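Notes to accompany the following structure.
The values are calculated or read from the model by the stated rules, or taken from the named source; none is laboratory data. What you are looking at is a predicted structure, and each value in this text was computed from that prediction instead of being measured. When we count neighbours, we look across all protein chains shown, and the Cβ atoms used for this are built from the backbone with ideal geometry, even at glycine.
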Amino acid sequence: MRLKTKIHLLTTLLMLVILMATNSGIYFLYEKFTYNTEYNQLQTRANDLSSTLSQLNAQTNLQQVLRAYMPTEGAIYIYEGERLKTKVQASLEMPEGPSITYKMPAIWIDGTVVDITLQQSTEGVKRTLDLLKVILVVVSVIATIPIFLASLALGRLILLPLERLNATMRKSATTGNYEKMEIKEKGGDELTNINRTFNMMMEKLEQHYQKQQEFVSNASHELKTPITVIESYAKLLLRRGFDNREVAQESLQAIANESSRMHDMVLQLLELAKNTEHLDVHFEQLELAPFLNKVASQMQQAYHRTFIVEVEVPRFIYSDEKILKQLLFILLDNARKYSEDEIRILATETTNDVRITIQDFGMGIPAEHIPHLFERFYRVTGDRNRKTGGSGLGLAIAHEIAEQLGITIVVKSTLGEGSSFTLCIPKEGPQ
């Protein structure tokens, strides 16, 4: 069964059930109220008659008194014990059908105790209730028409955006393009928000696909160069390496260098692929000065360079120690490659964040290249990359890690004076 049919049936049946329950409630409440009213009126007549009888004498015309209190389409019976003492009724014969009675004791004219019974026919009430029942049934039947039309409109209102969304997804699957929904820029209901979410998802998929294509293209290009070099030197080695030791030495050295470079590049590619997934981050309070001194000490022992740590404030930060250390290693290694002088690590504090600045005093970076530094395989200059042995992936990995930690990286550089990479770390961790 189609969803549209389900909506039509369920909404129509639900509204009919509600309407029938409401009409039934109205009918039974009116019935109870009407019979209670008739019974109370009968009780009032009986009380008034009893009071009047106690004040009569033998000369009073009893029949006129009884007729004055006789119910419409009813009768009054006076019993003394089991014997009928007198009666008065609206017609010669009481109509057959439903009726209500009220019985009470009273003092008769001669001082004896009698039973007064008032009887009231409810045939009129029954006719009124039957008419009400017919009216309610007709109203329910007539109300079904607008209810059904309303269910059709509701089904169309709900399903039309979903049908458009389904058509768009089918078109995307058929054409291979990232099709998007046409929606209003502002406002809208939940279905419009679903369409916005769908468009956002398609944009993300398109961006990821483009990045993947770019990544594969760049990776294949980068790996192609060392493979070509290795192949060329291997062929040279086969041709002349066994006869010329100098050629063999040069070829093997080049092959070893390019193999090492390929090894580093593959490791970085794997690291980058791992960091694009969500890392298992555990935020904790870190004592900043000992943490930075430990990182600087490890870098100094590894590369025999001078790393100076200056911690002004604060004392503590909130981050993941292992992942933050990996991020600092990447930036410090990058600073080491492009500077022969000391590297400074400065920690400061602002109102909203803690800032760790890594300052080198190397050649600097031209301003037009700074916005592209964190793109994969991006290099400021080709010869610079060849001298340092980089692959253009380090800063891309750093950017991915920083996003996982909620850290913003700010880059400043002056040609001939050096560059600074500042990590802006939220004081209370990412929000």
Quick test of your reading of the structure: residue 344 fulfils all but one of (1) at pLDDT 90 or above; (2) under 44 Å from the mean Cα position of the chain (by Cα); (3) surrounded by 18 or more Cβ atoms within 10 Å (Cβ to Cβ). Name the failing condition by number.
(2)
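Of all residues in segment 280-293 being in a helix (DSSP H, G or I), surrounded by fewer than 20 Cβ atoms within 10 Å (Cβ to Cβ) and not aliphatic (A, V, I, L, M), which is farthest from the chain's Cα centre (by Cα)?
293
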Evaluate the following for residue 128: is it closer than 30 Å to residue 34 by Cα and assigned to a helix (DSSP H, G or I)?
yes
Only one of 162, 157 is outside the structural domain of residue 68 (by TED's automatic domain parsing), touching a residue at least 24 places away in the same chain (Cβ under 8 Å) and in a helix (DSSP H, G or I). Can you tell me which?
162
